[in-house]
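Notes follow once the structure below has been shown.
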Amino acid sequence: MKKILLLALLSLGLFGAELHLKNGSVAAHTEMLMDKTIDPFNNALQAAITMQNGDITTMQGKFWVEMSLFKSDKSDRDEHMYKEVDTLKYKLATYTISSVTKVQDNLYTIKGKLDFHGVSRELEAKAKITAVNSNVTMDATSMILVSEYGIKMPCMVFMCVRDQVDLSVKASFEIR
């Protein structure tokens, strides 16, 4: 019995694989009337992702970013953003994958939960995911309304920052 249990445990490693994040980033985009683009960027994406038998649809795990590492082209605006999203209290934004569904060829729908600013909400992303040899790359896009996470976008006189934030996540993994 011990041998069967040991064999079963050892074989789990043959079928499941950890995806080691080589590099990753999150770009956010919103707009304001007089400030055409507001594009904070964070190149310190972290991940703990697994996949079974090389099947992308079995991806499970989570991604996270430290909110204070988002930077745009204006440091004073970044400081204001840190205050609005309360980066001292809510240090991380975390996305936990619940399912990955193949749409066609290398296109997938990823469903999961985004934990941001103390609020957890379902979030769906469209992704191009490719696996070649022992490398997996992901390029995913989604959108959130920050008001759904309890954040009011700042306004100056009659000009307000758009509530919608477009997200782009890029990640490169090595299968281990």
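Remarks
- Check on ILE38, at pLDDT below 95 and either closer than 29 Å to VAL103 by Cβ or in contact with a strand residue (DSSP E or B) (Cβ under 6 Å, 6 or more places away or on another chain) (or both): yes
- Close pairs (6 angstrom Cβ cut-off, 6 or more residues apart or separate chains): within 20 Å of ASP78 (Cβ to Cβ) in the range 16-28, β-branched (Val, Ile, Thr) and surrounded by 16 or more Cβ atoms within 10 Å (Cβ to Cβ) anywhere: VAL26/VAL65; VAL26/VAL169; ALA28/VAL165
- Tabulated pairs, the range 87-105, first among the polar types (S, T, N, Q), second outside any strand (DSSP E or B), C-beta under 6 angstrom, 6+ apart or interchain: THR87/MET67; THR87/SER68
- Considering THR101, THR87, the condition of being assigned to a strand (DSSP E or B) and either over 14 Å from MET67 (Cα atoms) or of a type in the set (S, T, N, Q) (or both) is satisfied by THR101 alone.
- Whenever a residue of the range 54-66 is within 19 Å of THR94 (Cα to Cα) and outside any strand (DSSP E or B), it has no partner that is at pLDDT 95 or above and of a type in the set (Lys, Arg) lying with C-beta atoms less than 6 angstrom away and at least six residues away or across chains.
- Set side by side, the residues THR58, THR94, THR101 differ, and just one is of a type in the set (Ser, Thr, Tyr) and closer than 21 Å to VAL165 by Cβ, which is THR94.
- Members of the range 120-134 found to be free of Cβ contacts under 8 Å to residues at least 60 places away in the same chain and either farther than 22 Å from LEU92 by Cβ or not in a strand (DSSP E or B) (or both), listed by number: LYS126, LYS128, THR130, VAL132, ASN133, SER134
The values are calculated or read from the model by the stated rules, or taken from the named source; none is laboratory data. Computed from a predicted model, the values in this text were never measured in an experiment. Backbone-built Cβ (ideal geometry, glycine too); neighbour counts: all protein chains shown.
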